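One structure, pasted below without further comment.
The values are calculated or read from the model by the stated rules, or taken from the named source; none is laboratory data. Treat the numbers as computed from the prediction; the structure is a model and nothing was measured. Cβ atoms come from the backbone with ideal geometry, glycine included; neighbour counts cover every protein chain shown. Surface accessibility is based on the protein's heavy atoms, side chains included, excluding ligands, DNA and RNA. Shrake-Rupley method; radii C 1.70, N 1.55, O 1.52, S 1.80 Å.
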Amino acid sequence: MARRKLVAGNWKMHGTLAENAALLDALVTGLAALRGVDCAVCAPFPYLPQLQLRLQRTDIAWGAQDVSEHEKGAFTGEVSASMLKDFGCRYVIVGHSERRTLHGEDDRTVAAKFIAAQGAGLIPILCVGETLEQREAGATEGVVSRQLDAVADAAGVGALGRAVIAYEPVWAIGTGRTATTQQAQEVHDLLRRRVAGRDRSLASELRILYGGSVKAANAGELFAMPDIDGGLIGGASLVAGEFLAICRGGAG
Ligand code: PEP
């Protein structure tokens, strides 16, 4: 069975109540009649109630951009998975490269966050990807395999069946430089084969998104690749017309 595409926006640390309201109105209107693709937006924590209120009777899902690895306790500033669930989140991004590099999250922490998210019934969007230096050193396969295996080892391969993977080459995030369709497809294929090595049928159903400077102009050709099952969209998700066009590209 064909995998249904997912287009998820990552707003990062952008937005105000007023800007979000306008963006959400445009998305709700623009996506109302669209079938055949799943759409979601991942917002900063304080805006999750706004998303819940505006999106709850629509087909647009919402989520957060990070989660604590802990269930509860003395962890000042942290937000638990059950709190995200309280605000109706379906998804949470874990292991985004900005978390890995700017906040020092290692594979162990990312795996713990993944497990915490699933423990509360959230669907983790697990990000993996190599830096430019790693790509140029021929280390792409080793890096993304290590990042994926860390989660599969800690959570069990079956847990990947309740998750989404996002391949995001670090050099393509927010840089305007997109991986070519061939570069992206190659890594998606290797990730799927890696999972297939543990569970073939799970691998064939696993959604693997591409992220890194996706825009309306390049989404169609990326989404046409056999192992690209949608996108994780940063900058372009803040522009209603762009995001809507990318979602339409996902509907085929
Ligand atoms: C991201 O933040 O996940 C991302 C892919 O950003 P951008 O689309 O802006 O490159």
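Look through region 218-229, keep the residues that are away from the ligand (no atom under 12 Å from the Cβ) and small (G, A, S), and return whichever of them is surrounded by the most Cβ atoms within 10 Å (Cβ to Cβ).
Looking at residues that are away from the ligand (no atom under 12 Å from the Cβ) and small (G, A, S), I get G220.
Scanning for something surrounded by 15 or more Cβ atoms within 10 Å (Cβ to Cβ), on the phi > 0 side of the Ramachandran plot and not polar (S, T, N, Q), does region 99-112 turn up at least one residue?
So far as region 99-112 goes, no, none of its residues is surrounded by 15 or more Cβ atoms within 10 Å (Cβ to Cβ), on the phi > 0 side of the Ramachandran plot and not polar (S, T, N, Q).
May I ask you to list pairs of residues, at least six apart or on different chains, whose Cβ atoms are under 6 Å apart, with the first in region 1-22 being under 18 Å from G231 (Cβ atoms) and the second being aromatic (F, W, Y)?
Sorted first by the residue in region 1-22, then by its partner, the pairs are G9/F243.
Within region 237-251, is there a residue that is part of a loop (DSSP other than H, G, I, E, B), open to solvent by less than 60 Å² (accessible area, probe 1.4 Å) and touching a strand residue (DSSP E or B) at 6+ places or on another chain (Cβ under 9 Å)?
The answer is no, given that none of the residues of region 237-251 is part of a loop (DSSP other than H, G, I, E, B), open to solvent by less than 60 Å² (accessible area, probe 1.4 Å) and touching a strand residue (DSSP E or B) at 6+ places or on another chain (Cβ under 9 Å).
Which residue is farthest from the ligand (Cβ to nearest atom), if the candidates are limited to region 196-217 and must be open to solvent by less than 20 Å² (accessible area, probe 1.4 Å) and out of contact with any strand residue (DSSP E or B) (no Cβ under 8 Å at 6 or more places or on another chain)?
A203
Within the set of pairs 6 or more residues apart or between chains, which connect a residue that is modelled with pLDDT of 95 or more inside region 113-127 to a residue that is aromatic (F, W, Y) with Cβ atoms less than 7 Å apart?
L122/Y91; I123/Y91; P124/F114; I125/Y91; L126/F114
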